[in-house]
Amino acid sequence: MVRRRQSLLALGAALCPMLAEAHGSRVGDLTVDHPYATPTPAGARTGAAYLRGLINRGKEADYLIAAATPRAESVEFHRSTLEGGVMRMRAVDAIEIPPGAELKLRHDGGLHLMLVGLKEPLLDGQRFPMRLRFRHAGEIEVMVWVQKPQGRTAHAH
């Protein structure tokens, strides 16, 4: 029994780095790190998805130009800004990823992916696919993990 437990622990330790890498995806010169969404209340028609990091290892800028998921009717790109003490969201056509840069689309930051027309609530622990399209790198499907945000609270959508 002890040997079996030790074997399982060793296997788990060996798999941990692979599992950590499994939630980062590459397309062309871009790395999409840890796509996640925050849980939504019952009846919510909008939600938000984020990327812990969007890294451009190339020598030219690329642009996130489209996104889609079966969980929502559409996905929009939004930038939140503080204007006169009021947080405002504005839709943007694309998200630029400069060469050599890492963008953080976080729940406590300015850029996010707005999930419009949710078909059902996003529940903590769920996962769902999202297709991202970049101007130069092409398309990639990532798995979005629904999780409670760490740190400051998520934007109210």
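Observations, loosely collected:
- Flag for Val92 being surrounded by fewer than 19 Cβ atoms within 10 Å (Cβ to Cβ) and free of Cβ contacts under 8 Å to residues at least 12 places away in the same chain: no
- Scan of segment 79-111 for residues that are closer than 23 Å to Lys148 by Cβ and either at pLDDT 95 or above or not in a strand (DSSP E or B) (or both), ordered by number: Arg106, His107, Asp108, Gly109, Gly110
- Check on Tyr50, open to solvent by less than 10 Å² (accessible area, probe 1.4 Å) and part of a strand (DSSP E or B): yes
- Filtering segment 97-115 to residues that are touching an Asp or Glu at 6+ places or on another chain (Cβ under 8 Å) and loosely packed, with under 15 Cβ neighbours inside 10 Å leaves only Pro99.
- Residue ID - farthest from Asp33 (Cα to Cα), chosen from residues in segment 72-114 that are in contact with a Phe, Trp or Tyr (Cβ under 9 Å, 6 or more places away or on another chain) and basic (Lys, Arg): Arg106
- Look at (1) within 15 Å of Gly28 (Cα to Cα); (2) open to solvent by 40 Å² or more (accessible area, probe 1.4 Å); (3) of a type outside the set (Val, Ile, Thr) and you find that Glu76 fails only one, number (1).
The values are calculated or read from the model by the stated rules, or taken from the named source; none is laboratory data. The structure displayed is predicted, hence computed values, not measured ones. Note: ideal-geometry Cβ built from the backbone for every residue, glycine included; neighbour counts use all protein chains shown. These area figures cover heavy atoms from the full protein model, side chains too; ligands, DNA and RNA do not enter into them. Shrake-Rupley method; radii C 1.70, N 1.55, O 1.52, S 1.80 Å.
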